[in-house]
Amino acid sequence: MWSIETFVVVAAIFILAGFVKGVIGLGLPVVSLTLLTITLGLKEAMALMLIPALVTNIWQSLSGDSLSVILRRLWTLLLAICIVVWFGASLLAEIDTAWLLTLLGVVLCGYSTVSLITPQIPSPGRAEYWLSPLVGALNGLITGLTGTFAVPGVFYLQALGLPRDAFVQAMGVLFTVSTISLAVALRGHNQLPPELGALSAAALIPAIGGMAGGQRVRRHLTERRFRQVFFYSLLVLGFYIVVRSILRL
């Protein structure tokens, strides 16, 4: 049974995660996963963030008129994610949690650093037909092992040069497919107990409340400044997770 203190912590984390997504349009899975990992553990965190992430990502993937174009262009990437997430999740039960935490911390540090630098990523050009499933496979493996959806998929979507609205919608599609695949994989490997599913569903309420608050703040705060604060904070948290997990090895 979960204690009242656990419910309060989970609710607070999802209010914050929803707030971040409301302001900058992404970050709910990353923020919730990072903070839940520190407080409850990686495997529990991966299960708890599923329903709030799924609902918000479906909304994002349907907000736009480019869905059919995105699916036609990225279907090999999405298919690779669906397949490889299962294998990543199968390793979740076999690998020491400290190693997985180290990987999560490294991914967060890398994601934050690249996002802060925001380099001009070259277009894949003619290599897109074989690079898409390769990126999807790597994204699926990292998702299965750590529960993070963005690396390297988001950077690859940036390289494709999609229009802004199509890019945001493509991220929603990427995250939705990753979330569903992870949920199926965790359930198939008995890593998704019913009580965690119920708590994840309950977390949807504070997540949506946080999003509503974040959308209001967005009108008064520049996105550039908030993104800087967000990714620097994520970089510090990632470094903390790496150091903490290395000390446990």
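The values are calculated or read from the model by the stated rules, or taken from the named source; none is laboratory data. Model, not experiment: these values are computed from the prediction. Ideal geometry is used to build each Cβ from the backbone, glycine not excepted, and the neighbour counts take in all protein chains shown.
This table checks each residue for (1) within 22 Å of Lys43 (Cα to Cα); (2) touching a helix residue (DSSP H, G or I) at 6+ places or on another chain (Cβ under 7 Å).
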position: Tyr156; (1), (2): no, yes
position: Arg187; (1), (2): yes, no
position: Ala202; (1), (2): yes, no
position: Gly210; (1), (2): no, yes
position: Ile246; (1), (2): yes, yes
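Of all residues in region 99-119, those satisfying the criterion of being touching a helix residue (DSSP H, G or I) at 6+ places or on another chain (Cβ under 7 Å) and exposed (fewer than 15 other Cβ atoms within 10 Å of the Cβ) are Thr113, Leu116. A residue that is assigned to a helix (DSSP H, G or I), more than 16 Å from Phe175 (Cα to Cα), among the hydroxyl-bearing types (Ser, Thr, Tyr) and at pLDDT 85 or above cannot be found anywhere in region 73-87. Checked against (1) over 30 Å from Arg224 (Cα atoms); (2) surrounded by 16 or more Cβ atoms within 10 Å (Cβ to Cβ), Phe87 passes all but condition (2).
Only one of the numbered conditions (1) farther than 22 Å from Ala201 by Cα; (2) in contact with a Gly (Cβ under 8 Å, 6 or more places away or on another chain); (3) touching a residue at least 60 places away in the same chain (Cβ under 8 Å) is not met by Leu79, and that is (3). Residues in region 125-158 that are on the phi < 0 side of the Ramachandran plot and assigned to a loop (DSSP other than H, G, I, E, B) were compared, and the one that is surrounded by the fewest Cβ atoms within 10 Å (Cβ to Cβ) is Pro152. Of the residues making up region 110-124, not one is in a helix (DSSP H, G or I) and either acidic (Asp, Glu) or closer than 16 Å to Leu77 by Cβ (or both).
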